[in-house]
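Colleague: Structure below; questions to follow.
The values are calculated or read from the model by the stated rules, or taken from the named source; none is laboratory data. Since this is a predicted model, take the numbers as computed values, not measurements. Don't worry about glycine lacking a Cβ; one is built from the backbone with ideal geometry, like all the others, and counts go over all protein chains shown.
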Amino acid sequence: MLLGLAIPAIFLHIKYQPGIQIGAGSTQIGIELSDLAVLAVALAAAVAGFRLGFAPLVPARWLWIFGAAFLALVVAGTLYPLLGKHDYRFLVHFVTAAKFAEYAVLAPALPLLLRAQRQLGALLWAVAAWSAAATAWGLLQFAGLVNELEGRRPLQREPSFVGIHDFAALSGIALTIALAVLVLRRPAGAERTLVVVSGAAGAVGLVLAAAAAGGIGILLAGLAALAVGHRHHSVTAARAALVVALALAPALGVAVMRNGSITQFAHFLGLGHETVNKQDVESYVQRSMLAYIGVRMFADHPVIGVGWQGSEELSNYGPYLADAHRRFPNAPPVSFPSPQHAWGVQNAYLQVLTDLGVVGLAVLIALFSAGFALAGRAALRAPPGTALLGVVGLLWLLIAAGVWNGLGLVAGIPLDAVTWLAFGLAATSAAWMARVPR
């Protein structure tokens, strides 16, 4: 119940959260409601571990090893830039590294808290209900009836009370709950209601958020869900068609919502006639330019990168700005990184390469591979009750992996929670598998 109650606080934009700011040298440490929610979950997991044992953590030992290694690299990434970069904002980046590591406690908390199917149901219902609330608020924003983060801007992509990419992530994991149930069995009773709520809220929410990375994630999740259903011989033609529709319709809706951005990107490539306002920041062109700068930084620092969030430091991206202006002459000036707009790379995987080098990316790949292996094994080989847990974990990992394509590694946001919760579900599925009689 505590885990379910923590969902609304964790999946809420910082603008809407009560909190306090504590001065720490040249930066501030923010303590928000979401931090308290994560702490409460961690404490509850610790109590459960001491009362009932920590055995559920054992089957996912490699997941914990790779997760700890990646977090250690993040912390180390705040230290080694100090050896050569005297202007590196150590305190600022150390605080964000600590916040990033804080959300990681959600992963080991899940195997300790979710020891029965009814407990999994409470989590899934909490996600579905909060997704429905977020989608309802997003619809009001779309209609121009309530403010979004920047005022009233109807008839465009909306952030709800979460944030654009986080809204996409929340909607994506809600929708995959419906997909997971549909490919394993015909829902009935309360489970049928769960499928309807999560499916409708997730699909509409993905369209409202209109994050292209979210569309990619749900397409991957839909394909994986169908593969699981085929493996179990459990999905009928009608339910398979419903799964395809639930995955494909939001992806098409996202494409329609983003048609203006896609058209402008086509103009950038030389197709058609460009009508974009030069004072606006166009996402696809800007992302291409930021990726170019990120690749240049990585090429000069390939092993361990420029340090955690070092790609946001002027001393690191500055040497490549002139080349970027020549390569992207039509990009608005405001779209280029600057001390006023430290845009970063805006792709988590490229940022890992830029900030932590090939070492960091190798560990991140190992971490995701361990999660996919655990969740995939349960999804494909476990009996129906445990298989549902594995399928949900697998699909949540795919949603997280997809949405991170459109965002840099930002600490303390709901997408962090989605990622670590997905790893936690994968670990929980391994623990449940260990209890199945051979």
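Colleague: If I filter the stretch 20-68 down to residues being among the charged types (D, E, K, R) and loosely packed, with under 13 Cβ neighbours inside 10 Å, which single residue comes out as nearest to residue 430 (Cα to Cα)?
Modeller: This residue is 61.
So that you can scan it fast, the table gives a plain yes or no per residue for (1) part of a helix (DSSP H, G or I); (2) over 24 Å from residue 42 (Cβ atoms):
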position: 376; (1), (2): yes, yes
position: 387; (1), (2): yes, yes
position: 393; (1), (2): yes, no
position: 401; (1), (2): yes, yes
position: 411; (1), (2): no, no
position: 417; (1), (2): yes, no
position: 420; (1), (2): yes, no
position: 423; (1), (2): yes, no
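Colleague: Suppose we filter 131, 160 for residues that are crowded, with 24+ Cβ neighbours inside 10 Å, closer than 19 Å to residue 395 by Cα and of a type outside the set (D, E, K, R); which single one remains?
Modeller: Of 131, 160, the one residue that is crowded, with 24+ Cβ neighbours inside 10 Å, closer than 19 Å to residue 395 by Cα and of a type outside the set (D, E, K, R) is 131.
Colleague: Taking the condition modelled with pLDDT under 90, over 18 Å from the mean Cα position of the chain (by Cα), part of a loop (DSSP other than H, G, I, E, B) and surrounded by fewer than 24 Cβ atoms within 10 Å (Cβ to Cβ), does residue 186 pass?
Modeller: Considered against the rule, which asks whether it is modelled with pLDDT under 90, over 18 Å from the mean Cα position of the chain (by Cα), part of a loop (DSSP other than H, G, I, E, B) and surrounded by fewer than 24 Cβ atoms within 10 Å (Cβ to Cβ), residue 186 comes out as no.
Colleague: Which pairs turn up if I take residues in the stretch 136-157 that are closer than 17 Å to residue 200 by Cβ and look for partners that are of a type outside the set (A, V, I, L, M, F, W, C) with beta carbon separation below 7 Å, at least 6 apart in sequence or on another chain?
Modeller: Here the result reads 137/160; 138/158; 138/160; 138/205; 142/154; 142/158, each pair linking the stretch 136-157 to a residue that is of a type outside the set (A, V, I, L, M, F, W, C).
Colleague: Show the residue pairs that are 6+ apart or on different chains and have beta-carbon atoms under 6 Å apart, the first residue being within the stretch 100-122 and farther than 13 Å from residue 432 by Cβ, the second being assigned to a helix (DSSP H, G or I) and acidic (Asp, Glu).
Modeller: 103/416
Colleague: Just the residues that are β-branched (Val, Ile, Thr) and over 22 Å from residue 227 (Cα atoms), please, taken from the stretch 140-195.
Modeller: Residues satisfying the conditions are 146, 162, 164, 193.
Colleague: Please list, ordered by first then second residue, the pairs with beta carbon atoms under 7 Å, 6 or more apart or interchain, first in the stretch 322-335 and farther than 14 Å from residue 294 by Cβ, second part of a helix (DSSP H, G or I).
Modeller: The qualifying pairs are 330/268; 331/285; 331/286; 331/289; 335/286; 335/289.
Colleague: Could you please let me know if residue 362 is outside any helix (DSSP H, G or I) and of a type in the set (A, V, I, L, M)?
Modeller: Answer is no for this residue.
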